[in-house]
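Working notes, beginning with the structure itself.
The values are calculated or read from the model by the stated rules, or taken from the named source; none is laboratory data. All figures in this text were calculated on a predicted structure; none of them were measured in a lab. All Cβ positions, even for glycine, are placed from backbone atoms using ideal geometry, and neighbour counts span all protein chains on display. Quick note on the areas: whole protein, heavy atoms, side chains included, nothing else; ligands and nucleic acids left out. Shrake-Rupley method; radii C 1.70, N 1.55, O 1.52, S 1.80 Å.
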Amino acid sequence: MNQALYNKEVSCPICKNIFHTKKVRSSAIRIKKRDTDFCVYYNGENPIFYAVFVCPNCGYAALESVFERISPTGKKIITSRVSNQWVQRDFGGERTNQEAIEVYKLALLCGQLSNEKKGILGTICLRLAWFYRFIGEDKELHFLKHAKNCFEEAFLYEQLPIGNLDEVSMLYLLGELNRRLGKYEDAINWFNKAVSNPAIKRKKKLEMQAREQWILAKEEYKKIKSEA
Ligand SMILES: [Zn+2]
């Protein structure tokens with residue numbers, strides 16, 4: 001048995017089934033490194049793989065933080081659009097990168113059907129992009145683009161913070177996602193907003209990184225302009 005994992009008992013808000021899902025012990029979490037879009041690499045188990053709960057009975061899937069928050073309309077839609085086609089499958093064991101991709105795609109489907117907030121959908125898409133990055137697949141960019149679009153909408157219309165993303169972290173992340181997607185003008189714009197936001201003064205590391213990525217985006221922009 002994998003000592004880094006433990007079982008959590010969860011009750012499904014849709015079909016009332018009680019099931020078990022794995023979580024990573026906080027004492028077993030070992031951070032190896034981070035990418036500039038907040039993607040974290042771990043030595044050993046990746047706790048993010050386990051942050052989506054999937055009911056093996058009805059197929060309802062969502063991020064742990066919002067799993068119980070499904071609306072009555074959402075319940076009806078999931079029942080008719082997901083549960084009716086669902087073939088019983090248990091994701092309650094150890095998860096591979098591939099299985100993490102599957103559960104996040106299920107959560108994305110359920111979230112889209114139940115009209116979940118863009119901030120939540122953006123979080124799911126960003127993590128899917130990371131999972132594809134881990135295995136070197138270019139579907140990463142497809143999900144980065146979705147994440148960017150969701151977060152841009154969330155920034156305009158939804159309440160922050162979204163998970164750990166407060167306003168200034170979100171401004172930075174929008175800069176970095178646009179930069180990674182080659183949208184340098186937008187990237188420069190968002191980085192500009194991030195570094196001129198007074199709250200960044202309280203986050204020295206983020207401020208430094210924002211300035212570095214801002215310069216990088218400007219250089220990349222200059223380069224494509226000179227090649228055009
Ligand atoms: Zn269920």
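A few remarks follow.
- Among all residues of the range 42-57, there is at least one that is assigned to a strand (DSSP E or B) and either away from the ligand (no atom under 16 Å from the Cβ) or more than 17 Å from Lys105 (Cα to Cα) (or both).
- Residues of the range 78-88 include at least one that is at negative phi and either of a type in the set (Lys, Arg) or away from the ligand (no atom under 15 Å from the Cβ) (or both).
- Residue selected from the range 21-51 under the condition under 17 Å from Thr96 (Cβ atoms) and in contact with a Ser or Thr (Cβ under 9 Å, 6 or more places away or on another chain), by the criterion surrounded by the fewest Cβ atoms within 10 Å (Cβ to Cβ): Pro47
- The combined condition, being open to solvent by less than 40 Å² (accessible area, probe 1.4 Å) and either in contact with a His (Cβ under 8 Å, 6 or more places away or on another chain) or aliphatic (A, V, I, L, M) (or both), is not fulfilled by Ile18.
- Selected residue [within 16 Å of the ligand (Cβ to nearest atom) and of a type in the set (Gly, Ala, Ser)] from Ser65, Ser71: Ser71
- Test: residue in the range 166-189 that is more than 17 Å from the chain's Cα centre (by Cα) and more than 25 Å from Lys223 (Cβ to Cβ): yes
- Matching residues in the range 1-25 - criterion: being away from the ligand (no atom under 15 Å from the Cβ), part of a strand (DSSP E or B) and polar (S, T, N, Q): Asn7
- Residue count for the range 199-228, restricted to those that are open to solvent by 100 Å² or more (accessible area, probe 1.4 Å) and either hydroxyl-bearing (Ser, Thr, Tyr) or in a helix (DSSP H, G or I) (or both): 11.
- Boolean, Gln98 is open to solvent by 40 Å² or more (accessible area, probe 1.4 Å) and within 14 Å of the ligand (Cβ to nearest atom): no
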